[in-house]
Structure formats: C-alpha cells, structure tokens
Amino acid sequence: MSPQYTVHATPEARDAGAVDLAVASLPASFGPAEAGSAADGSAAAGSAADVAVLPGQPGWTAEAARAIDGGARGIVVVNPAPESVSDLLEAAETNGSAVVLDQRWASNPAVPGAEDAVRAMAGRAAVLDSVATAPAGTGSGELLADHLAAVVRLTGHLENLRVVASGAHGYTVSGRLANGAPAALQGVLSSARPAGVSISMLTDDGGVSVTLPDPLAAWPATVKATGPQGELLLPTLYESAHRATWRRLKEHLDAGTSPSDLHRFAALTASLSALS
Amino acid sequence: MTANHAVERTLGVGILGAGPVTQAIHLPSLARLRNLLTVRHIMDVDAAVAESVAARVGATHSTSIEALLGDPEVDVVAICSPHQFHAEQVIAACRAGKKAVLCEKPFVWNAEEAAEISAVSQETGVPIIVGAMHTFDPGWLAAEANWGDLPETAHTIRSSIVLPPNARFEDFATEIITRPASGTPDYTDAEVIKGMLRGGIMGLAIHDLPLVRRFTPDFALVEVLEARIVRPFGYIISLRTPTRTIELRAAMNNTWKPEWSFEAFSNDAAVRIDFTPSYVQAGSATATFSRAGETTVHGPFDHNGYEGEWRELTALAAGAKQPPSAQNLIDDLTFALDIAEATVAAVDADHNVGQPVREGAHA
C-alpha cells in the first residue's frame, strides 16, 4: 500500500526533527517522495513531494513560502526561530497549504490537555512559576523562545513581560497572567539533567503542574490537576512532539483545514520582540 | 512525675514559649527522643497555656523566665518565644549556666544582637544553635556529604515553598490551643506589601536561606532584582550576586499538597532536596543528585530536621560535638536581614505599589 502523502526533508530538518522515525511510525500516512529515505534531498524529490520539511533557522518563512509555491500541500518546520510569518500566512491561505510547527515543548501531545486544565483554573490563578532547562552552552535566547512558546500555549498571552536577568547561565523573566497574578519564567543552562520545562500554576486550593520533556524520545509529559478532592494525573502519552506534529499535519491534510500554528507563532514572535 | 524520675539520666529540657510551634513541633519531636531528653519545665506568659501544655508532658510550668532558668532540673533551654525576646532570653540562658541553648528562628533581629549573643556564648562556654531545621535534616546532611564541589561551582539556586496554612499540619501533629487570629490583608497598602515581603523572608524564606548561603560564597554582595507578592501570602523574589542567580518562591494557600524544595545547579551537576512539611513527623528530606545521565538519591531517613536539632543539642550539651561557629550564625542572620531590608527598601523606592520593584536595589 502506498503512503497517503509523500515527504521531502532537507538533511538539517531530517536530523533536527527525527523525520525518519516520525514518518516510519506513520507508514500508512507518510512516506518518502522517492524510494530510499524520507530525507532524499534531491530537487526532483522536493518538487514532487506532498509535504516539505524545513529546519527553522532564520529565513525559514521564505523557504516555506517557496515550498508552497512549488506545490507542497503540507509544510513541517522544525524548531522555528522567531520571525515574521505574515507573508507565509498569506501564501499558505492562498494555496490552501497546511503549515505546522514542530516545537520541542509546545508541540508535545500532552499540551492540549494541559491547556484545558490550565485554562479551567486560570481565572483563579495566584501565581505561575516555570523553569526550563537546557544543556550548558545553549543560547539563553534560544531557550527562552522555546520556553515562552510552551508557557503561552497553556496560559495564553502574558502581560508586562520583562527580562529581570539574563546571562551565560540562564535568565529570569517576569510577567503577569490575564487575571493579574504574577508569572515567573526561569531558564537554567546546565547539562546535569535532561532538558525540559516545568510549569506550575497555583490557585487558592490547588493548581496544575506540567512537565514537558524534549522530543529526543517518546518520554511522556506529566499533567497533574490538583483540587480539594485530590489530584488527577492526565493519561500519559508515549509520543514525542515530533510524531504528534506529523499526526496533526495528517489530520489537517485529510480534512483540508488550516492549523493555527502560524497565528500562534506570530503572537509569540511579537512577545519575544518586546522582550529583546 | 513518675515518668520523669524513671528517666533521670536524660537531659532536662526547659521551653520558653508554649505556642503552636512548641505544641505541634517540639513536643512531638521530643516524644520521639525520650531516651535522650525529658521536658521538665514549660514557661509561657499565659499561665493557662503554660499549665495546660506542661500537663501534657508532666512538666513544671511557670510564667517567668527566671523560674525556668532557676529550675535545676532544666539542663538545656529552647527559646520559642516571639523573636523580639530572643536576644535577652538566649543571653539569660547562657548566664544561667545551662548546658546548651536552642533558639528558634529568626535568631535575633539585627547583627549587633547576634554579635552580643555570640560573645556571651564564648564567654560562658554555652553552645547555641539556631532552629534552622533544614540544616539538621538528615537528607540535607546526606547531600552535604555527597555534593563535592557543587557549592563552589553552582551558578543557579532555587528555593520553592508551597504550603497550606500552618493549621492543617498543626492539626496533624497535635491539638492546638491558643492559635493566633488572622485577617485579610489590604493589598493596596504599601505597608502591608512591605510587611508581607519582610514577613515572607524572615518567617518563611529564612528556613532555607542558610542553605542558599551555603551555595553562595559571595553572599555579602546579594542584590534584589525583583520582588513581588503572591496572594494570599507568598513571594517571588529574584536575587543575584556576582556569581549566583538566586530565585525564591513561596505560596501559602489552601491546598492540601505541600512542596518544599531546594535546588542548586552548576554546568554539569545539580541537586534537588525535597523536604517534608514542618509540623508532621514525616521523616527526612530526600536529596537527588543529577550528573549528566546519572541520578543518585539519598534518603529518606526516619526523622526530620526538628528531631535533628534536638539530637544536635543533646550532643552539644554532652560535649560530644563542637558548636557551630558564631560567625556562621551571624552570617546566616545578616544574609536574611540584608535581603529583607533590600526588598523593603526596593518597595519603598517603587512608589507604584503592586508593580515589581526596580532593578538594582542593593542589599
């Protein structure tokens, strides 16, 4: 049986997004554009593929727009760097292409459930405290972009964002939730632990705690909602952010719908610009 | 009284102040140490409280410090009175020739008093320890034995405290009498905000500031970057020194789920210490070290830091251990005071209450 959608990935995207594994784990839906691997980098393969996979280095929006012009119905961007997406949005809407972003934490499959849990309590939030860790040597700005993407995915827009401190070992950013409760985002650069992010929102009588792992493996995130009656652990999902991104893409391609990824990313980019 | 005669070789304990901390923390801890210590005298300015609490343990009771310090049955003294009385009571206990003194935190309220106490301790030879219980927790001590050079190499330190109201855990520990009344603060009042931050640092953060200081060699250069309150009671405080980032978090709300952690990170190692709640006899903290793909866990052990304090006091009274350096106690105190004062000063400097204080308020 032939896969439903053919895939072409640049070598950089193939590595960064673990594309071979993701595609191989969805064999009925995706397959390489030509016999061989999903990462066939030839121009012929790229022009023939249904889905183009790009690394999110600066300039990715122009690359994605070119891929759409070339006929790609779906675009996967791995670890997108903050930049304006307005032209790409227009190209995607004009051509009916689906652009999904594969973000290390924000794309974790546990995020929708975590978002529901957080939004259900956000009006009563007393504080939000989040810590992201990444290996020593990682750029603070790079970590903050991933960190903020994950947090605002759950909380929505944070107001009054301000860099309290930033340096070679991390950063502290302060802000406010919509109800005025204080929010604090701390980045720690250390190779001691696996990279990941924890997000804790407390209310007067409970709260939500979320941990999101890196997509290097299908480690499950944890989402716990705590209230007066006890604590609920949402079902653990042994699926990486990479694979969850591909599943979302398939759903949009099948249904002909447009993902909200670029709209969300535009808001994130605006927040990051205000911080820098 | 029969029980006391049966354990005559144990050290006699006198306690100044019989409020919730004495009732819910120290008496249950001492109940686990009957082979070492016996409560012989309880003093409280409220005669009914003194009598009631003393009756629980078959001890003598009084309403005056002189009566307790003059009681020959009392070998060691615990000072659990309001902090403004600590200095004079610690000094009096030393001058009374007791074998050792445990003073609840905050030790005193200024460095001058701390220095005066240290001088009296040296003069009289009476060892003093401050009830920073986490520094006596076997989980912390296990971490200390295994942390290698982490205090020198750490660049980031976090203290995070989420607690229900004290009453929840007090009620697990004992049946409290004389619980202080509480009200709803006016969050629009700058003095209330300052009071909350000061109280948060000297009443809550102070539990772990000695731990933070242990990982902060340049603690004297601490600077407050931002301080905000968390309702109904808590704080978000960002500090830094030339070599360290320090983040303090606390929230006291109505949750049943406590979390009390201390973390320190270097480029290649980290430790996280999860403490058990105060008041309950839930054993020690657990220390978890992470070093690039390797995780090692120490604990939990069967007793907490409060019991650890009493064990330490017993050893000091017996001359089996060396007392902590006076400078150490003074440094712990001045570190906390510096942070509290700089935080309050920063709020003063920021006339817009409710907004973060301005960066660069030096302690």
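Working only within segment A:184-243, note down all residues that are of a type in the set (Asp, Glu) and either modelled with pLDDT of 95 or more or buried (at least 24 other Cβ atoms within 10 Å of the Cβ) (or both). Full working, then the answer.
So the first thing to find is which residues in segment A:184-243 are of a type in the set (Asp, Glu), and the list is A:204-205, A:214, A:231, A:239.
Hits for segment A:184-243 are A:ASP214, A:GLU231, A:GLU239.
Could you run through segment A:191-227 and say how many residues are of a type outside the set (Ser, Thr, Tyr), assigned to a loop (DSSP other than H, G, I, E, B) and closer than 28 Å to A:VAL78 by Cβ?
Number satisfying all stated conditions: 12.
Do the conditions hold for B:LEU329, that is, is it more than 14 Å from every other protein chain (Cβ to nearest Cβ), part of a helix (DSSP H, G or I), modelled with pLDDT of 95 or more and out of contact with any Gly (no Cβ under 7 Å at 6 or more places or on another chain)?
No.
Considering segment A:191-208 alone, what residues qualify as being at the interface with chain B (Cβ under 9 Å from one of its Cβ atoms) and closer than 28 Å to B:TYR187 by Cα?
A:SER200, A:LEU202, A:THR203, A:ASP204, A:ASP205, A:GLY206, A:GLY207, listed by residue number.
Evaluate segment A:118-127: report whether one residue or more is at the interface with chain B (Cβ under 8 Å from one of its Cβ atoms) and within 19 Å of B:THR156 (Cβ to Cβ).
No, segment A:118-127 contains no residue that is at the interface with chain B (Cβ under 8 Å from one of its Cβ atoms) and within 19 Å of B:THR156 (Cβ to Cβ).
Please go through segment B:275-309 and give me each residue that is within 14 Å of another protein chain (Cβ to nearest Cβ) and without any contact (Cβ under 8 Å) to a residue 40 or more places away in the chain, ordered by number.
B:THR288, B:SER290, B:ARG291, B:ALA292, B:GLY293, B:GLU294, B:THR295, B:VAL297
Might you let me know whether segment A:174-190 holds any residue that is more than 8 Å from every other protein chain (Cβ to nearest Cβ), assigned to a strand (DSSP E or B) and among the polar types (S, T, N, Q)?
Taking every residue of segment A:174-190 in turn, none turns out to be more than 8 Å from every other protein chain (Cβ to nearest Cβ), assigned to a strand (DSSP E or B) and among the polar types (S, T, N, Q).
Any residue at all in segment B:339-350 that's at pLDDT below 95, over 16 Å from B:GLY195 (Cβ atoms) and either crowded, with 17+ Cβ neighbours inside 10 Å or out of contact with any Cys (no Cβ under 8 Å at 6 or more places or on another chain) (or both)?
The answer is yes; a qualifying residue exists.
Out of the residues in segment B:233-253 meeting the condition of being facing another protein chain (nearest Cβ under 8 Å) and over 22 Å from the mean Cα position of the chain (by Cα), tell me which one is surrounded by the fewest Cβ atoms within 10 Å (Cβ to Cβ).
B:ARG240
For segment B:69-163, which helices (runs of 4 or more DSSP H) that fit wholly inside it have 2 or more residues that are out of contact with any Asp or Glu (no Cβ under 9 Å at 6 or more places or on another chain) and not assigned by TED's automatic domain parsing to the domain that holds B:VAL45? Steps first, answer last, please.
Working: elements: B:86-95, B:111-124, B:138-146, B:150-153.
Answer list for segment B:69-163: B:138-146, B:150-153.
Restricting attention to segment A:22-46, which residues are at pLDDT 75 or above and buried (at least 16 other Cβ atoms within 10 Å of the Cβ)? Let's see the steps before the verdict.
Taking segment A:22-46 first, the residues at pLDDT 75 or above are A:22-33.
Selection gives A:ALA22, A:VAL23, A:SER25, A:LEU26, A:SER29, A:PHE30, A:GLY31, A:PRO32, A:ALA33.
For residues that are part of a loop (DSSP other than H, G, I, E, B) and either at pLDDT 95 or above or closer than 16 Å to B:PHE335 by Cβ (or both), tally how many sit in segment B:231-251. Don't jump to the end; show me each part of the working.
The initial filter retains those residues of segment B:231-251 that are part of a loop (DSSP other than H, G, I, E, B), namely B:231-232, B:241-244.
Still in the running and either at pLDDT 95 or above or closer than 16 Å to B:PHE335 by Cβ (or both): B:241-244.
Residues in segment B:231-251 being part of a loop (DSSP other than H, G, I, E, B) and either at pLDDT 95 or above or closer than 16 Å to B:PHE335 by Cβ (or both): 4 in total.
Do the conditions hold for B:ALA317, that is, is it in contact (Cβ under 8 Å) with a residue 60 or more places away in the chain, under 17 Å from the mean Cα position of the chain (by Cα) and in the same structural domain as B:VAL224 (by TED's automatic domain parsing)?
Criteria not met by B:ALA317.
List the number of the failed condition for B:ALA269; all other conditions in (1) within 22 Å of B:ALA336 (Cα to Cα); (2) within 10 Å of another protein chain (Cβ to nearest Cβ); (3) buried (at least 22 other Cβ atoms within 10 Å of the Cβ) hold.
(1)
I need the full set of residues from segment B:215-230 which are aliphatic (A, V, I, L, M), in a loop (DSSP other than H, G, I, E, B) and either under 21 Å from the mean Cα position of the chain (by Cα) or not assigned by TED's automatic domain parsing to the domain that holds B:ASP331 (or both), in order please.
B:VAL222
Mind listing whichever residues of segment B:293-320 are closer than 24 Å to B:TYR279 by Cα and of a type in the set (S, T, N, Q)?
B:ASN304, B:THR314
Within segment B:107-124, can you find the residues that are small (Gly, Ala, Ser) and either at pLDDT below 90 or buried (at least 18 other Cβ atoms within 10 Å of the Cβ) (or both)?
B:ALA111, B:ALA114, B:ALA115, B:SER118, B:SER121
Within segment B:72-101, can you find the residues that are more than 14 Å from B:VAL39 (Cα to Cα) and acidic (Asp, Glu)?
Once the filter is applied, which keeps residues that are more than 14 Å from B:VAL39 (Cα to Cα) and acidic (Asp, Glu), segment B:72-101 yields only B:GLU88.
Take the residues in segment A:237-248 that are in contact (Cβ under 8 Å) with a residue 24 or more places away in the chain and over 13 Å from the mean Cα position of the chain (by Cα), then tell me which one is farthest from A:PRO3 (Cα to Cα).
Let us first name the residues in segment A:237-248 that are in contact (Cβ under 8 Å) with a residue 24 or more places away in the chain, namely A:237, A:239-248.
Applying the additional criterion that residues be over 13 Å from the mean Cα position of the chain (by Cα) yields A:237, A:239, A:247.
Numbers: A:LEU237: 25, A:GLU239: 21, A:ARG247: 14 Å.
By that ranking, first place goes to A:LEU237.
Every residue in segment B:295-326 that is of a type outside the set (A, V, I, L, M) and assigned to a helix (DSSP H, G or I), please.
Selection gives B:GLY305, B:TYR306, B:GLU307, B:GLY308, B:GLU309, B:TRP310, B:ARG311, B:GLU312, B:THR314.
Would you confirm whether any residue within segment A:154-170 is basic (Lys, Arg) and more than 8 Å from every other protein chain (Cβ to nearest Cβ)?
No, that holds for no residue.
Every residue, every condition in (1) more than 23 Å from A:LEU272 (Cβ to Cβ); (2) outside the structural domain of A:LEU216 (by TED's automatic domain parsing), yes or no:
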{"residue": "A:ALA67", "(1), (2)": "yes, yes"}
{"residue": "A:GLY71", "(1), (2)": "yes, yes"}
{"residue": "A:GLY74", "(1), (2)": "yes, yes"}
{"residue": "A:PRO80", "(1), (2)": "no, yes"}
{"residue": "A:ASP87", "(1), (2)": "no, yes"}
{"residue": "A:GLU90", "(1), (2)": "no, yes"}
{"residue": "A:GLY96", "(1), (2)": "yes, yes"}
{"residue": "A:GLU115", "(1), (2)": "no, no"}
{"residue": "A:ALA120", "(1), (2)": "yes, no"}
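So which residues in segment B:129-144 are within 13 Å of B:PRO323 (Cα to Cα) and buried (at least 24 other Cβ atoms within 10 Å of the Cβ), if there are any at all?
If the condition is that a residue be within 13 Å of B:PRO323 (Cα to Cα) and buried (at least 24 other Cβ atoms within 10 Å of the Cβ), then B:VAL130 is the only one that fits.
Return the residues of segment A:211-232 that are within 14 Å of chain B (Cβ to nearest Cβ), touching a helix residue (DSSP H, G or I) at 6+ places or on another chain (Cβ under 9 Å) and of a type in the set (A, V, I, L, M, F, W, C); say none if nothing qualifies.
A:ALA225, A:LEU232
Residue check: is A:GLU142 surrounded by fewer than 23 Cβ atoms within 10 Å (Cβ to Cβ) and within 14 Å of chain B (Cβ to nearest Cβ)?
Against the criterion (surrounded by fewer than 23 Cβ atoms within 10 Å (Cβ to Cβ) and within 14 Å of chain B (Cβ to nearest Cβ)), A:GLU142 does not qualify.
How many residues are among the charged types (D, E, K, R) and assigned to a helix (DSSP H, G or I) when one looks only at segment A:71-118?
Step one: of segment A:71-118, the residues among the charged types (D, E, K, R) are A:73, A:83, A:87, A:90, A:93, A:102, A:104, A:115-116.
Retained after the next criterion (residues that are assigned to a helix (DSSP H, G or I)): A:87, A:90, A:93, A:115-116.
Going through segment A:71-118 one residue at a time, the tally reaches 5.
The values are calculated or read from the model by the stated rules, or taken from the named source; none is laboratory data. As the structure is a computational prediction, the values presented were derived from the model and not from experiment. Backbone-built Cβ (ideal geometry, glycine too); neighbour counts: all protein chains shown.
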